[in-house]
Structures are given as C-alpha cells and as structure tokens.
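Contents: one structure, followed by commentary.
The values are calculated or read from the model by the stated rules, or taken from the named source; none is laboratory data. Predicted model only: the values in this text are computed from it and were never measured. Neighbour counts are summed over all protein chains in view; Cβ atoms, including those assigned to glycine, are modelled from backbone coordinates with ideal geometry. Please note that ligands, DNA and RNA were not included when accessible areas were found on the heavy atoms of the full protein model with its side chains. Shrake-Rupley method; radii C 1.70, N 1.55, O 1.52, S 1.80 Å.
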Amino acid sequence: MNRWYSPRWIRLLALALLSAVLLSSCSSGQSSSKTEKDKPVPTPISMMVPLFQPKPPTDELMNELNQKTGVELNVQWVPDDIYTSKMLNALETNTLKQVTYVRQIDYNLVKNSIRSDMFWDIGPYLDYYPNLKNLSKKTLDETKLDGKYYGLYNERSSSRQGIMIRKDWLDRLHLKEPSTTEELYQVIKAFTLDDPDGNGKQDTIGLTDRNDLVYGAFKTLSSYFGTPNNWLLSGGTFIPDFATPEYMDTMNFVKRLYSENIMNKDFPVASKQVQRYMMISGKAGVYIGSLSDAPRMLEEMKQVNSNAEMALVNRIQGPKGYGIWSIPDYSGLFLFSKKAIKTQEDLKAILAFFDKTMNKDIANLMLYGQEGRHYVLKDGQVAVPPDMFQRMNAEVRPLLSLMIANISNPNLLKQSETDQEPILQQVNKLVADNDNILIHDPTVGLSSLYYDAHGTELASIMTNATYNYILGKIDAAGFRNEIEVWKSRGGSQIIKEFEESYSKSKSNNP
C-alpha cells in the first residue's frame with residue numbers, strides 16, 4: 001500500500017488541518033477582538049440648551065452629528081419660555097450639565113457664579129484648536145468677564161426687530177404700511193374697530209403683546225421714539241433709559257393703546273405663546289418683535305386661513321428720525337461647569353467637539369440639514385425648495401441652539417437668495433437694513449459689580465413702575481418717584497461704577 005494513502009496518514013493529515021482551522025479561528029477572533037478594543041469610544045457630553053421650535057432635532061440628525069464628531073451627546077432641550085428658570089435652578093442646586101447655554105440677556109445672572117469659580121476659564125485653550133483660535137476677538141471681548149473668556153458664543157445679527165402686519169387686513173381696509181408712529185397707531189386702531197377680517201363682528205384687536213418689555217413690543221417702540229438703548233452717555237455721565245423724556249413718550253404711546261382697548265389687555269401677564277396665538281389665529285393684526293419669527297408665523301397663519309398675508313416693516317419714523325436698538329453680537333454663551341467637567345483632559349475633549357462643529361461638513365449639517373432632504377445645491381449655493389422648507393424648519397432649525405460662530409464661520413455655504421422663500425428674503429433684507437439705524441448700548445464692554453449682583457433685582461422696580469404707569473395705577477410723578485427709589489437702592493452705585501469703568505477704558509485707549 002502506498003504510505004501516502006494509509007489510514008494513519010490520513011488521520012494525521014485531518015488532525016493537522018483541524019488544528020490549522022482552530023488556530024486560524026483563534027487568530028481571527030483575537031484580531032476581531034483587538035479591532036473592537038481599539039475602536040475609539042465616543043466622548044459623552046451632557047448639555048442644557050433652549051428649544052425654540054416645537055420639537056428637538058430628529059434622531060437621525062443627532063446620530064449623524066454624533067458620528068461625525070465622535071461624541072455621544074446627551075442634550076436636555078428646554079422650551080425657551082421656561083429656560084431661564086430651569087437654568088437658574090440648575091445653577092442654584094449645583095446640578096449643571098457639563099455644558100450650559102446661557103442667553104445673553106441672562107448673562108448677568110450667572111456672573112457671580114463665574115467669579116465663584118464654578119466655570120472653566122477657556123481662554124488659555126482656544127489657540128490650540130484650528131477653528132476656535134479664529135473666533136472673532138471683537139465678539140469674544142463682548143463676552144469677557146474680568147479680563148477672561150468663559151464661553152463660546154452663538155452669533156446673531158445686531159438687530160432683528162421690526163413689525164409683522166396682516167397685509168390682507170391692510171388691503172381690505174385700504175390702508176398702507178405704516179411709516180411713522182402716528183400711522184402705526186392708526187393701523188392698530190383700524191384693526192380693532194373697522195372689521196379687518198370682514199366677518200361683520202368687532203372681534204379683533206390691533207396689537208398683540210406679551211409680558212416682556214425688552215423682546216416684546218415696548219423696547220422696539222421706544223426706539224421709534226428715540227429712547228437710548230438702556231443707557232444714555234452724555235459728557236461722561238450715564239443716564240438710565242427710563243429717566244429720559246423719550247421713555248416717557250413711549251409709555252404714553254402704549255398707555256394710549258391700552259386705554260383705548262386696541263391692544264390685548266392682558267399683555268402684562270401674557271406669554272409669547274399667547275402673543276403668537278393671537279396673531280396666528282386671526283385675533284390680532286400687528287406683532288412687534290423679532291422679524292426672524294415671520295416665516296414660521298406666516299406658515300402657521302396660512303394653516304388657519306390660506307388667504308392670510310404678511311407685511312414686514314423695520315423703519316418707523318419718530319421725533320428723532322429712524323432708530324432701532326441693537327444687541328451684542330452674541331445671543332448666548334456655552335459655559336463649562338467645573339463640577340461636571342473634572343479634568344483639563346475632559347474639557348479639551350469637549351472643546352474639540354465644538355471645534356469640529358465649525359468644520360465644513362458638520363457646520364453645514366447643523367445649519368442646513370441633509371442634502372436632498374432639507375436642501376439642494378445649485379452652483380455651489382444652498383437652495384431650499386418650497387417642498388423642503390417646512391421640513392428644514394421643523395427638523396434642522398433646533399440644531400442652531402448647538403452651533404457656535406453660526407454666522408461668521410467661513411466654512412458655511414451661502415444660501416441662494418433667488419431660491420429663498422419671499423418672506424425670508426424680505427426678513428434678511430430688513431435685518432441688514434437695521435444695521436444702518438442702530439442705537440447702541442454704551443455700557444457694552446464696561447463693568448459694574450453692583451449691576452452684576454443686583455441689576456436684575458433693581459430692574460424689577462422700573463419694570464413694575466412702567467407697567468403701573470401704562471395701566472394707570474401711577475402718574476408721571478409716581479413714576480419719577482420710583483426712579484428715586486431705584487437710585488436709593490443701588491442705582492446710583494451702578495451709575496458710579498459704569499462711569500468709573502468708562503473713564504478707565506478711555507484712559508487705557510486714548
């Protein structure tokens with residue numbers, strides 16, 4: 001018998017083959033295990049941010065964002081209307097997320113906590129990141145506290161304020177868009193008394209407003225009357241806006257609307273949702289606020305009444321011509337909790353995430369969404385067809401709350417103006433025009449420790465006084481008395497500290 005074909009040899013050959021297979025399997029398993037082990041583990045990041053839309057971004061978009069940035073985001077989305085209280089509660093109970101968004105209007109409320117060493121100073125780290133090192137120094141300086149940078153900023157235009165008006169009501173009553181404060185009054189009055197919706201009933205009001213003297217109607221109206229933006233700087237002396245004649249003129253204008261029942265009587269307690277509902281449902285015809293709300297509001301108006309149309313106005317001439325109050329170039333800051341972020345390495349990993357969000361593919365995902373679903377590219381620019389507009393607005397817009405440098409980032413694609421919704425084109429045009437008539441706050445960049453600690457508490461004195469004057473509960477003498485109360489409780493100290501800070505800034509920058 002040929003020894004190569006003996007049963008014994010065949011058995012030995014089979015055993016050898018089996019061993020090879022087993023060794024191969026073992027080796028393969030070890031390789032697979034090693035590959036899994038070496039696979040990067042996503043960096044977990046917890047955040048608290050405001051939600052300006054009805055729903056958060058879709059899971060699909062969030063998953064793609066996580067995958068592209070190598071993180072695992074755990075985001076607490078808080079409705080904008082209750083955000084301040086939720087944020088302050090987390091601050092007071094020391095239960096902050098790793099990253100907390102603080103709105104610019106709430107920044108003073110957290111400055112003492114920052115001074116108490118609750119947040120990381122991120123200034124020393126910015127130059128180590130390719131995108132963060134190119135952030136606007138001008139905008140960063142607006143956020144500076146005691147010479148240090150504590151936050152990454154979300155950008156906004158200097159002023160988006162204006163007026164939204166039911167154009168179909170104007171046309172029905174043969175009225176033109178208002179261009180002066182008196183014409184605005186006449187439109188508001190006609191929208192209340194002259195049956196603008198044509199249903200034969202007197203069931204509409206002219207102006208819908210809410211319990212917010214800043215982002216509601218009042219401060220924008222005050223700009224039309226030439227009121228300074230928070231403070232008037234005159235010869236090195238600071239005068240609060242509520243102590244000027246123009247502020248009194250504004251109160252008298254709103255008092256006239258209120259006493260004539262041509263605005264909602266519950267405006268001192270009405271929420272933004274109520275204000276919007278009155279406009280959307282056809283119960284009111286004039287809304288004064290952020291023009292950026294117009295596209296969504298028009299869309300919702302048309303769901304109630306397909307014939308609804310909207311006119312936008314940004315220039316209203318008052319006694320001093322045209323003007324509109326401006327805001328700092330950031331809408332809010334991302335602050336980094338020292339309790340929730342234990343080490344520099346953890347902080348650096350989180351800063352790396354924000355740096356990546358400025359990369360081209362990620363920044364455009366966050367601003368525009370997914371190509372083919374939320375937009376199309378035409379000649380290298382973003383175009384949003386009508387059938388995608390609603391989807392983008394609902395699914396993608398919430399991601400703006402996670403963006404930094406969302407306007408000036410050079411990696412962002414430009415949006416084609418010709419393919420924009422007409423209402424959005426008009427919003428962009430008017431917001432850009434506002435830059436020509438800005439009224440600046442002279443205290444931006446100055447400091448007052450007393451203001452940081454007690455400014456909000458003191459502001460409530462004059463907020464209550466303003467409402468009480470408009471409602472007829474106090475007269476002009478009573479209002480002036482409240483100004484003296486404000487001064488005696490610390491307002492004079494705030495004025496003194498702002499003047500000292502201004503003088504110091506002038507000596508440092510002659």
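Numbers below:
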| read-out | value |
| --- | --- |
| Shape call, the stretch 206-326: gyration tensor on alpha carbons, a/c limit 1.5 | prolate |
| Neighbourhood net charge (10 Å Cβ-Cβ; Lys/Arg +1, Asp/Glu -1) for Asn314 | +2 |
| For the stretch 50-120, convex hull volume per residue from C-alpha positions, Å³ | 106 |
| Proportion of all alpha-carbon pairs of the chain beyond 32 Å (%) | 51 |
| Per residue accessible area in Å² of the chain, where ligands, DNA and RNA are left out and the probe is 1.4 Å | 49 |
| Directionally averaged shadow of the stretch 331-397, computed from the convex hull of its alpha-carbon atoms, nm² | 6.1 |
| Calculated P(r) tail over 12 Å for the stretch 298-339, as whole % of Cα pairs | 77 |
| Global size of the stretch 398-487 as Cα Rg and Dmax, reported in angstrom | 21.0, 56 |
| Ratio of the Cα radius of gyration of the stretch 84-146 to 2.2 N^0.38 Å, where N counts its residues | 1.23 |
| Full-extension gain in nm, Val444 to Val485, via 0.36 nm per residue minus C-alpha separation | 12.3 nm |
| Additional length obtainable on full extension of the chain from Thr418 to Ser507, 0.36 nm per residue less Cα span | 27.1 nm |
| Of all DSSP beta bridges in the chain, antiparallel share, percent nearest 5 | 60 |
| Expected-Rg normalisation [2.2 N^0.38 Å, Cα atoms] applied to the stretch 72-186 | 1.56 |
| Whole-percent carbon and sulfur share, accessible surface of the stretch 50-195, 1.4 Å | 46 |
| Rg over Rh [alpha-carbon atoms, Kirkwood Rh] for the stretch 139-238 | 1.15 |
| Ratio Rg/Rh [Cα only; Rh per Kirkwood] for the stretch 333-484 | 1.12 |
| Whole-percent carbon and sulfur share, accessible surface of the stretch 212-312, 1.4 Å | 52 |
| Over the chain: helical MRE at 222 nm, DSSP H runs n ≥ 4 each giving -39500 (n - 2.57), nearest 500 | -14000 deg cm²/dmol |
| Restraint check, Lys189/Lys265; Lys176/Lys283; Lys86/Lys339; Lys201/Lys283; Lys68/Lys148; Lys133/Lys356, Cα-Cα greater than 22 Å | Lys68/Lys148 |
| Exposed trypsin sites (Lys or Arg not before Pro) absent: longest stretch of the chain, with sites in DSSP loops and at most 12 other Cβ within 10 Å deemed exposed | 1-175 |
| Whole-Å semi-axes of the ellipsoid equivalent to the stretch 275-400 (Cα gyration tensor, √5λ, descending) | 35, 24, 16 |
| Inter-label distance, nm, simple model (7 Å from Cα along the C-beta direction), Ala432/Asp203 | 4.3 |
| Spatial separation of Cα centroids for the stretch 284-337 and the stretch 228-279, in angstrom | 16 |
